[in-house]
1. Which of rounded, prolate, oblate describes segment 9-242, given a ≥ b ≥ c as roots of the alpha-carbon gyration tensor eigenvalues and a/c under 1.5 marking rounded, otherwise prolate only if a/b is larger than b/c?
2. Tell me which of 118, 214, 231 sits at the most positive position along the dipole axis of segment 9-242, charges placed on C-beta atoms (Lys, Arg +1; Asp, Glu -1).
3. Long-range amide H contacts for residue 59: which residues qualify at under 5 Å (H placed 1.01 Å from N, peptide plane, sequence gap of 5 or more or a different chain)?
4. What residue among 114, 42, 143 shows peak mean-square fluctuation when the chain is described by a Gaussian network model with Cα springs under 10 Å?
5. Cα to Cα, under 27 Å, and not fewer than 8 places away if on the same chain: which lysines meet these conditions relative to residue 168?
6. Could you work out how far apart the two model spin labels at residue 50 and residue 172 are, taking each label as a point 7 Å from the Cα in the direction of the beta carbon, and quote it in nm?
7. Of all DSSP beta bridges in the chain, what percent run antiparallel (nearest 5)?
8. Working from Cα positions, state the angle (0 to 90°, nearest 10) between the long axis of helix 154-174 and the longest principal axis of the chain.
Amino acid sequence: MTEGLSGTTALVTGGTSGIGRATAVALAGLGAHVVLSGRDATRGEEVVSRIRASGGKADFVAADLTDAASARSVAARAREAGGHVDVLVNNAGIFPTGPTADIPEAEFDRVYATNVKVPFYLVAELGPEMAARGRGAIVNVSTMVATRGMAGMALYGSSKAAIELLTKAWAAEFGPSGVRVNAVSPGPTRTEGTAVFGDGLDELAAAGPAGRVAAPEEIAAAIAFLVTAESSFVQGAILPVDGGRLAV
Ligand code: NAP
């Protein structure tokens with residue numbers, strides 16, 4: 001086991017499923033004390049048990065992340081569990097699709113609350129503390145449809161486009177204090193959340209050079225790279241992890 005994150009505490013939102021769960025497992029494998037959040041306590045405790053069974057350190061924090069208050073509460077509970085937070089992975093996200101004209105206002109607000117407002121206030125809470133300690137790493141999870149216009153993806157894609165700009169703005173704001181802020185931009189990845197797309201996910205992936213859907217562990221490996229010293233000179237980057245889909 002490489003101990004690249006030994007002695008650190010990492011908060012992974014949406015750690016109960018898919019990319020977030022794979023990231024929690026990967027960061028724990030690198031020696032981090034992982035605090036993972038989600039709404040589903042059963043799945044959360046399963047991930048904690050799995051990490052502890054392989055000698056890692058993990059805690060679950062149950063939270064419905066909907067607003068600034070819930071973001072601040074999760075940050076506080078992660079701080080309690082680990083003393084302080086060195087690594088933040090803003091992964092929790094929702095991705096409803098559909099024609100613009102069919103999106104109710106409540107759906108618009110829900111997507112922007114989960115995908116933009118919560119990451120914003122988690123960084124507002126934890127970024128300055130990392131900066132005060134002179135070190136830290138933040139990774140935001142975006143998507144290839146933040147830069148690629150696709151019918152049916154206007155709402156979701158635009159929320160992730162916001163997170164990509166925030167990644168650069170936060171790199172500028174916190175980078176001089178030793179906090180690196182980056183993003184990954186995954187392509188189609190097989191998770192509980194994308195099961196609903198059925199064959200559509202494979203069709204989307206087929207057009208890219210890799211020609212296949214990713215496993216969540218492949219996205220997690222890129223996130224792990226961005227939070228360890230292996231990426232010490234990478235700041236404000238949006239790393240495509242999409243089998244080349246954005247390149248062609
Ligand atoms: P997933 O399997 O649906 O998992 C989503 C996670 O987010 C779950 O752990 C869920 O927790 C959590 N979450 C959602 N809403 C929440 C809320 N209101 N409060 C607290 N937690 C909440 O999704 P995924 O496919 O792994 O996607 C993870 C991230 O990658 C998302 O940001 C997504 O936009 C991005 N992404 C995914 C793909 C893909 O193809 N899979 C591609 C590009 C980008 P609970 O289930 O415990 O509530």
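1. Numbers: a/c = 1.40, a/b = 1.31, b/c = 1.07.
Since a/c stays below 1.5, the shape of segment 9-242 is classed as rounded.
2. About the Cα centre, the residue reaching furthest to the positive side is 231.
3. It is 34, 35, 36, by chain and number.
4. For the chain, modelled as a Gaussian network with Cα springs under 10 Å, the answer is 42.
5. Cross-link targets: 117, 160.
6. 3.9 nm
7. 0 percent
8. The angle comes out near 30 degrees.
Since every read-out is calculated from the coordinates, none of them should be taken as a lab result. Predicted model only: the values in this text are computed from it and were never measured. Glycine gets a Cβ as well: all are built from the backbone with ideal geometry, and neighbour counts include every protein chain shown.
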